[in-house]
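Written out below as structure tokens is the structure these notes cover.
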Number of protein chains: 2
Amino acid sequence: MDEHAHLFALLLAGGKGTRFWPLSREDHPKQLLKLFSERTLVEETYDRIRPLVPNERILVATSLGLAPRLMSLFPDIPRENFIIEPVARNTAPCIAVAANVVHQRDPDGIVAVLPSDHFVSDVAGFLDIMTCAELHASRGKIVTLGITPTHPETGYGYIRFGEFEEDLAHPEARHRSRSIQAFVEKPDHATAVSYLKAGRYLWNSGLFIFRTDVMLEKVRTHLPSLADGVEALAALGTAAPESDEVLKVWSDMPSISVDYGVMEKAEGLVVIPASFGWSDVGTWRALTAFPTDENENFVFGRVLAVDSQQNVLYSSAGLLATLGIQNMVVVVTRGAVLVCPADRTQDVKQLVEELKNRNQTEYL
Amino acid sequence: MDEHAHLFALLLAGGKGTRFWPLSREDHPKQLLKLFSERTLVEETYDRIRPLVPNERILVATSLGLAPRLMSLFPDIPRENFIIEPVARNTAPCIAVAANVVHQRDPDGIVAVLPSDHFVSDVAGFLDIMTCAELHASRGKIVTLGITPTHPETGYGYIRFGEFEEDLAHPEARHRSRSIQAFVEKPDHATAVSYLKAGRYLWNSGLFIFRTDVMLEKVRTHLPSLADGVEALAALGTAAPESDEVLKVWSDMPSISVDYGVMEKAEGLVVIPASFGWSDVGTWRALTAFPTDENENFVFGRVLAVDSQQNVLYSSAGLLATLGIQNMVVVVTRGAVLVCPADRTQDVKQLVEELKNRNQTEYL
């Protein structure tokens with residue numbers, strides 16, 4: 001018997017954004033980038049969970065614009081598993097819709113929600129935690145994965161945890177869950193340092209897992225208009241996502257994140273502290289945490305780095321040669337090159353804005 | 001009557017080198033680069049002297065490999081004005097051969113020798129000095145142009161000058177010449193500073209002008225084997241530069257620079273101190289002396305520089321976007337990108353060597 005028989009995976013692959021410009025473009029967001037291998041981030045996300053879940057139980061939530069690309073990346077995932085949002089409505093609606101889709105197929109279904117543009121270095125560790133989280137979820141908890149901080153990161157939200165959840169200390173659960181005292185916003189540096197010292201804070205990874213009946217009940221309680229929308233959509237059956245009636249239902253749903261709309265309000269959430277080399281890869285700079293050469297450079301593509309240390313050196317078009325540079329980000333793509341210090345990568349959006357102002361839209 | 005009726009120009013366009021890698025390649029040396037305009041450096045050199053000299057009196061010395069490219073750049077220069085070296089023999093041989101070619105056409109000929117890969121910002125000033133230098137040369141002197149130093153440059157040879165040459169103080173000579181006490185090698189920084197303070201040193205620009213009979217006599221005196229070669233070549237008439245007999249004559253000529261072989265040994269040389277915004281553009285860094293935007297960046301091609309100062313930003317292939325960088329050199333070409341601090345550009349040859357070692361010859 002398959003111990004994961006009720007497990008479904010939901011890849012959140014609708015995100016936009018140009019923080020990885022010039023590699024990411026308006027029609028080519030981060031989840032479609034190849035940063036760590038010849039596989040895109042969304043493919044790596046798929047590869048990571050695939051040992052636990054067959055294609056028939058992998059769902060992909062995305063936008064109308066990105067759906068064709070994702071369908072061609074994943075020809076083995078059934079078409080009906082693509083949850084296509086005709087308008088962007090943040091994370092709560094697509095997760096609730098996915099929960100309902102799964103619930104119709106398997107009333108005991110469990111859904112693991114996986115952002116499709118994150119990095120995990122220790123895949124075995126990830127699967128181990130996920131297996132335990134599934135066990136906790138099967139007992140009716142919404143289980144979040146909280147990453148044990150390795151440095152005072154200001155780019156993540158944090159979770160303050162409480163006591164062990166003793167009643168969930170199942171003998172098979174190698175990783176015990178803890179109660180959640182609070183979700184806290186991205187801190188400033190001093191606060192992040194205090195969180196690190198306190199030892200009771202975890203990074204909010206955005207990875208969580210729940211039984212569909214539990215999630216649908218939370219949505220009904222905390223976001224009743226969304227619960228109505230989910231039912232209305234189900235009533236439309238197989239209507240095309242670009243049809244007027246489907247568009248109307250999605251347009252009427254509240255645009256809200258699952259964190260804000262459900263998680264932070266709900267009772268009975270738990271967190272499992274985890275350490276599997278995770279990053280949300282929020283900016284080019286994040287790649288400095290994953291050096292690939294002996295000089296602590298993150299290197300991708302054809303790169304010749306002489307006397308260069310702790311840089312992010314990425315080329316998808318020809319040779320990138322560097323000499324005597326440190327703590328820089330250099331990205332070479334066909335048609336556009338970016339050069340900036342690693343500690344300025346959060347300002348790449350300034351560049352993108354400036355290109356918009358100059359109407360140089362061919363680079364956006 | 002044309003006051004420059006006996007003036008010929010010799011463009012030295014046979015140089016090799018990869019200090020401007022990745023823009024310069026083995027088969028695409030510096031004189032063929034576009035650094036300051038949509039014209040190559042050799043075309044800018046031609047444009048600069050052209051007001052004084054018609055095409056019929058412009059000669060081009062170059063290699064077999066580069067000749068076809070140069071002939072197509074200068075279709076109006078007669079084919080017989082191209083002095084093509086089948087083997088590289090430094091500057092003395094091609095200058096002596098050119099002097100003899102001119103001497104056969106005009107026994108009163110005067111030759112201005114112009115390196116083809118330098119930069120001049122004040123073209124009117126250059127022509128003014130050149131006109132005066134021609135006057136001095138017509139009286140039988142070999143006249144060098146010495147650039148008044150603007151900073152303690154360690155990349156140039158210097159000329160220590162002596163007294164005014166009173167007998168050449170012709171009323172039309174707005175710029176008086178001085179005797180030369182010594183040619184001195186590239187100095188270290190402390191020495192360069194002392195030269196600047198002393199006020200009696202000029203940069204050796206490599207620009208000089210002479211009457212053909214004077215130069216040929218100096219060659220006969222100081223480099224008799226070269227003088228023999230020049231005569232042997234003349235005896236071969238219009239034989240093709242790649243023919244065995246021409247190759248043999250060139251191969252037998254001494255490989256020596258005109259500075260070392262003639263200038264530093266000859267009597268009767270003078271120097272005219274000049275200031276016309278000159279640079280030999282020895283490395284990418286040299287371009288920082290010629291900023292083109294309000295933030296002291298040297299910018300060429302499609303560049304977006306946000307919060308970036310005092311950089312060399314060159315793109316011949318797509319958009320180069322920079323954010324928060326200072327004193328860097330970034331060069332974007334189709335197929336290869338270079339990033340290094342401005343004060344490391346003299347080490348670009350290290351990169352080129354490393355590419356050779358790795359057998360990545362497609363980038364050389």
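Please tell me if B:Gly162 is in contact with a Pro (Cβ under 8 Å, 6 or more places away or on another chain) and either in a strand (DSSP E or B) or in contact (Cβ under 8 Å) with a residue 60 or more places away in the chain (or both).
No.
Please find, among B:Pro93, B:Pro29, B:Pro78, the residue that is within 18 Å of the chain's Cα centre (by Cα), of a type outside the set (D, E, K, R) and under 18 Å from B:Ala239 (Cβ atoms). Selected residue: B:Pro93, the only one of B:Pro93, B:Pro29, B:Pro78 that is within 18 Å of the chain's Cα centre (by Cα), of a type outside the set (D, E, K, R) and under 18 Å from B:Ala239 (Cβ atoms). B:Val281 satisfies every condition listed in (1) more than 14 Å from chain A (Cβ to nearest Cβ); (2) touching a Phe, Trp or Tyr at 6+ places or on another chain (Cβ under 6 Å); (3) part of a strand (DSSP E or B); (4) hydrophobic (A, V, I, L, M, F, W, C) except (3).
Any residue at all in region A:343-361 that is aliphatic (A, V, I, L, M) and at pLDDT 95 or above? Looking through region A:343-361, none of the residues is aliphatic (A, V, I, L, M) and at pLDDT 95 or above.
Among the candidates A:Leu59, A:Leu70, A:Leu33, A:Leu23, single out the residue that is farther than 30 Å from A:Pro291 by Cα and not polar (S, T, N, Q). Working first, answer last.
Working: A:Leu70 fails: farther than 30 Å from A:Pro291 by Cα; A:Leu33 fails: farther than 30 Å from A:Pro291 by Cα; A:Leu23 fails: farther than 30 Å from A:Pro291 by Cα.
None of the other options fit; the residue is A:Leu59.
Taken over region A:316-349, the criterion of being surrounded by fewer than 24 Cβ atoms within 10 Å (Cβ to Cβ) and under 24 Å from the mean Cα position of the chain (by Cα) is satisfied by A:Ser316, A:Ala342, A:Asp343, A:Arg344, A:Gln346, A:Asp347, A:Lys349. Among the residues of region B:265-303, the ones that are within 30 Å of B:Ser225 (Cβ to Cβ), surrounded by 15 or more Cβ atoms within 10 Å (Cβ to Cβ) and of a type outside the set (Gly, Ala, Ser) come to 4 in all. Counting only residues that are facing chain A (nearest Cβ under 7 Å) and on the phi > 0 side of the Ramachandran plot, region B:299-341 holds 3 of them. When only residues in region B:17-26 that are in contact with a strand residue (DSSP E or B) (Cβ under 8 Å, 6 or more places away or on another chain) and of a type outside the set (A, V, I, L, M, F, W, C) count, which is farthest from B:His118 (Cα to Cα)? Among them, the one singled out is B:Pro22.
For region A:74-123, enumerate the residues that are without any contact (Cβ under 8 Å) to a residue 40 or more places away in the chain and either surrounded by fewer than 20 Cβ atoms within 10 Å (Cβ to Cβ) or of a type in the set (Phe, Trp, Tyr) (or both). Matches in region A:74-123: A:Phe74, A:Pro75, A:Asp76, A:Pro78, A:Arg79, A:Phe82, A:Arg105. Per this entry, B:Ile180 is counted among residues that are in contact with a Lys or Arg (Cβ under 8 Å, 6 or more places away or on another chain), in contact (Cβ under 8 Å) with a residue 12 or more places away in the chain, assigned to a strand (DSSP E or B) and within 23 Å of B:Ala92 (Cα to Cα). Of all the listed residues (B:Met253, B:Met263), the sole one being away from every other protein chain (no Cβ under 12 Å), at negative phi and modelled with pLDDT under 95 is B:Met263. Within region B:214-236, does at least one residue satisfy the condition of being closer than 17 Å to B:Thr91 by Cβ, touching a residue at least 12 places away in the same chain (Cβ under 8 Å) and either in a strand (DSSP E or B) or not assigned by TED's automatic domain parsing to the domain that holds B:Met130 (or both)? There is no residue in region B:214-236 that is closer than 17 Å to B:Thr91 by Cβ, touching a residue at least 12 places away in the same chain (Cβ under 8 Å) and either in a strand (DSSP E or B) or not assigned by TED's automatic domain parsing to the domain that holds B:Met130 (or both). Based on what the data block shows, is A:Glu80 touching a helix residue (DSSP H, G or I) at 6+ places or on another chain (Cβ under 8 Å) and modelled with pLDDT of 95 or more? No: the conditions fail for A:Glu80. Number of residues in region A:54-68 that are surrounded by fewer than 18 Cβ atoms within 10 Å (Cβ to Cβ) and either under 19 Å from A:Gly261 (Cβ atoms) or in contact (Cβ under 8 Å) with a residue 12 or more places away in the chain (or both): the value is 4.
Screening B:Pro29 on (1) touching a helix residue (DSSP H, G or I) at 6+ places or on another chain (Cβ under 9 Å); (2) on the phi < 0 side of the Ramachandran plot shows it passes everything except condition (1). Applying the condition of being within 7 Å of another protein chain (Cβ to nearest Cβ) and in contact (Cβ under 8 Å) with a residue 60 or more places away in the chain to region B:349-364 and asking which residue is nearest to A:Val330 (Cα to Cα) yields B:Leu351.
The residues listed here are A:Lys248, A:Lys218; of these, the one that is at pLDDT 95 or above and under 14 Å from A:Glu85 (Cα atoms) is A:Lys248.
When region B:7-53 is filtered for residues that are polar (S, T, N, Q), touching an Asp or Glu at 6+ places or on another chain (Cβ under 9 Å) and free of Cβ contacts under 8 Å to residues at least 24 places away in the same chain, only B:Ser37 remains.
Of the residues that make up region B:174-196, is at least one exposed (fewer than 14 other Cβ atoms within 10 Å of the Cβ), more than 22 Å from B:Arg160 (Cβ to Cβ) and assigned by TED's automatic domain parsing to the domain that holds B:Gly109? Yes, some residue in region B:174-196 is exposed (fewer than 14 other Cβ atoms within 10 Å of the Cβ), more than 22 Å from B:Arg160 (Cβ to Cβ) and assigned by TED's automatic domain parsing to the domain that holds B:Gly109.
Within region B:57-77, the set of residues being out of contact with any Phe, Trp or Tyr (no Cβ under 9 Å at 6 or more places or on another chain) and of a type outside the set (A, V, I, L, M) comprises B:Ser63, B:Gly65, B:Pro68, B:Arg69, B:Ser72, B:Pro75, B:Asp76.
For (1) modelled with pLDDT of 95 or more; (2) farther than 13 Å from B:Val339 by Cα, each residue gets a yes or a no:
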residue	(1), (2)
A:Pro291	no, yes
A:Asn295	yes, yes
A:Arg302	yes, yes
A:Val306	yes, no
A:Tyr314	yes, no
A:Leu320	yes, no
A:Asn327	yes, no
A:Val332	yes, no
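The values are calculated or read from the model by the stated rules, or taken from the named source; none is laboratory data. Computed from a predicted model, the values in this text were never measured in an experiment. With ideal geometry, Cβ positions are generated from the backbone for all residues, glycine too; neighbour counts draw on all protein chains shown.
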